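The values are calculated or read from the model by the stated rules, or taken from the named source; none is laboratory data. The model shown is predicted, which means the values in this text are computed figures rather than measured ones. Positions of Cβ are backbone-derived with ideal geometry, glycine not excepted, and every protein chain shown enters the neighbour counts. Each accessible area value is taken on the protein alone, full model and side chains, heavy atoms only, with ligands, DNA and RNA left out. Shrake-Rupley method; radii C 1.70, N 1.55, O 1.52, S 1.80 Å.
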Amino acid sequence: MWRFSSSQTLLNNNKMRKLASIQKIKALEPIEGADAIEKATVLGWQLVVKKGEFNVEDMAVYCEIDSLMPDKPEFEFLKPRGMRIKTVRLRGQVSQGICFPLSILPSDFAVVEDADCTDILGITKYEPAMPACLSGIAKGKFPSFIPKTDETRVQVLQKVLDKYKGEKCYVTEKLDGSSATFYVKDGEFGVCSRNLELIEDAENSFWKVARQMDIERKLRSIGKNISIQGELIGEGIQGNKLKLKGQTVKFFNAFDIDKFEYLNFFDFNKLIGELKLPIVPIVALDYELENDIDAIVKMATIKSQILKDVWAEGIVIRPYTEKIDLLLLNENFDNGRVSFKAINPEFLLKYGE
Ligand code: AMP
Ligand code: MN
């Protein structure tokens, strides 16, 4: 008998998510007080479409929010929004993403449900501009011995919910900052942004905060090859919506480099506590995963625990016991970790995302 430990399937592949794909219109419903438009359900997303343009069960090209469309006549109407597909509210209905008819595809494109059309349509992902304090000099690529941080949107994870419904999970507040990774490996301390390892310098916020929070000494005190990852938030970052003074990192991961696996929540929480470092705010403990995307998005529609009258960006849901699932890997969702996000639609509307 072969036995696999979870770490053996945790691949560090960080594939790109599908921004545009062929999807079925699952449902169409009227919107109160609107004659020209209706509400469509595609994957776990809800969006507004022109009435009569699609029928239930029709295939369409669905483009997710944050798709940056190419400058072509069929996407001309997005010019005022910088070609970016954003969350909008139309007649009181939140609409996320856009459905286009299959005719926008080249005539020889094989129409198969779920087929990725991102590249063929020339769509790229919108990325916010990097403020000066975050840009540093790269020491190199992001280290291959640590997975990059990422979370998949719950709206595309129906199969995962089908499989893990009822699983005991914890829910944290998703913070809108910049991903930070710190590690000690074989006696060397490293600091990384979302995609790069950074050379130490006086001005760069990742390094500044590492010094302020005494992270190198704390990580060395553990006495093994370890990485901790969190969200850098505060002044100068993403508009500092939580109005913090200075900058800090709130942690959400601890990773055992030698075992190539994440610590379970209990051990993560204990370790970060012992190091006297802050973790991301906790929204719920003992949450039994519901097989209901709309309910999860509703749970994400909350105010921040850091600043009570400001919308939280959303939530991140994870099982107490770390899980790696080939289902996720197979569908190109990053590294196979069962962990996902639900973004607060009110946050997206408020900040024009
Ligand atoms: P996004 O910011 O939409 O790319 O979502 C994924 C990112 O959310 C991760 O790469 C982290 O940097 C960040 N993040 C913020 N808060 C959390 C949290 N509570 N748990 C996990 N990731 C988080
Ligand atoms: Mn983010």
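Among 203, 74, 288, the largest mean-square fluctuation in a Gaussian network model of the chain (Cα springs under 10 Å) belongs to 74. For region 134-350, the per residue solvent-accessible surface stands at 42 Å², with DNA, RNA and ligands left out and a 1.4 Å probe. For region 88-98, backbone phi angles converted through the Karplus equation (6.51, -1.76, 1.60; θ = phi - 60°) give residue-by-residue couplings of 10, 10, 10, 6, x, 9, 5, 10, 10, x, 9 Hz, Gly and Pro being listed as x.
Counting only aspartates and glutamates at least 8 places from residue 224 when in the same chain, those with an alpha carbon closer than 12 Å to its own are 186, 188, 256, 258. The Cα-based radius of gyration of region 172-230, divided by its Kirkwood radius, gives an Rg/Rh of 0.96.
Taking amide H atoms as placed 1.01 Å from N in the peptide plane, the amide H of residue 43 lies under 5 Å from those of 24, 26, each 5 or more residues away in sequence or on another chain. Taking a sphere under 11 Å around the Cβ of residue 224 and counting the other residues whose Cβ falls inside, with K and R at +1 and D and E at -1, yields a net charge of 0.
Shape class for region 243-305: oblate, because the ratio a/c of the largest to smallest gyration tensor axis (alpha-carbon atoms, square roots of eigenvalues) is 1.5 or more and b/c is at least a/b. Excluding residue 178 itself, calculate the net charge of residues whose Cβ lies under 14 Å from the Cβ of residue 178, where each Lys or Arg counts +1 and each Asp or Glu counts -1. My count for the surroundings of residue 178 gives 0. For the chain, the longest principal axis of the C-alpha atoms and the axis of helix 265-274 are separated by about 40°. Under 13 Å of direct C-alpha separation, and excluding same-chain neighbours fewer than eight residues apart, residue 298 reaches these aspartates and glutamates: 290, 313, 346. Remark: region 206-214, residue by residue, has Karplus-estimated 3J(HN,Hα) of 4, 6, 4, 5, 4, 5, 4, 8, 6 Hz, where x stands for each Gly or Pro and the curve is 6.51 cos²θ - 1.76 cosθ + 1.60 at θ = phi - 60°. In this rough spin-label picture, where each label sits 7 Å from Cα along the Cβ direction, the residue 79-residue 276 distance is 5.9 nm. Per atom type, region 40-83 shows carbon and sulfur on 53% of its accessible surface, probed at 1.4 Å. Of the cross-linked pairs 139/241; 18/350; 159/341, those separated by over 19 Å at the C-alpha level are 139/241; 18/350.
Measuring only protein heavy atoms, the 1.4 Å probe finds residue 217 accessible over about 140 Å². Count Lys and Arg as plus one, Asp and Glu as minus one, and take only other residues whose Cβ is under 14 Å from that of residue 214; the net charge is then +4. For the chain, the equivalent ellipsoid derived from the Cα gyration tensor has semi-axes of 36, 23, 21 Å, listed largest first. Across the cross-link table entries 168/245; 125/259; 174/323, which are compared at the Cα atoms, the separations over 26 Å belong to 168/245; 125/259. Surface composition of region 213-294: carbon and sulfur atoms hold 49% of the protein heavy-atom accessible area at a 1.4 Å probe.
Comparing 177, 97, 187 in a Gaussian network model of the chain, where Cα atoms under 10 Å apart are tied by springs, the biggest mean-square fluctuation is seen for 187. Whole-Hz Karplus values for region 224-236 come out as 8, 6, 9, 10, 10, 10, x, 10, 7, 10, x, 4, x Hz, taken residue by residue from phi with 6.51 cos²θ - 1.76 cosθ + 1.60 and θ = phi - 60°; glycine and proline positions read x.
On full extension of the chain, what length is gained from residue 57 through residue 165, given 0.36 nm per residue of separation minus the C-alpha to C-alpha distance?
Residue separation times 0.36 nm, minus the Cα-Cα distance, leaves 36.3 nm.
For region 23-56 and region 168-197, what is the separation of their Cα centres, given in Å? Measuring centre to centre over Cα atoms gives 39 Å. Quick one: if the Förster radius is 25 Å, what FRET efficiency do residue 203 and residue 127 give, using the C-beta to C-beta distance and rounding to 0.05? Calculated transfer efficiency: 0.70.
With Rg and the Kirkwood Rh both taken from Cα atoms, where does Rg over Rh land for region 20-122?
Ratio of gyration radius to Kirkwood radius: 0.94.
Only helices enter the 222 nm calculation for the chain: every DSSP H run of n ≥ 4 contributes -39,500 (n - 2.57), and dividing by all residues gives -4000 deg cm²/dmol, rounded to 500.
The residues of region 20-122 expose on average 49 square angstrom of accessible surface per residue, using a 1.4 Å probe on protein heavy atoms. Taking the chain as a Gaussian network of alpha-carbon nodes connected by springs under 10 Å, the highest mean-square fluctuation of the residues 276, 148, 185 belongs to 276.
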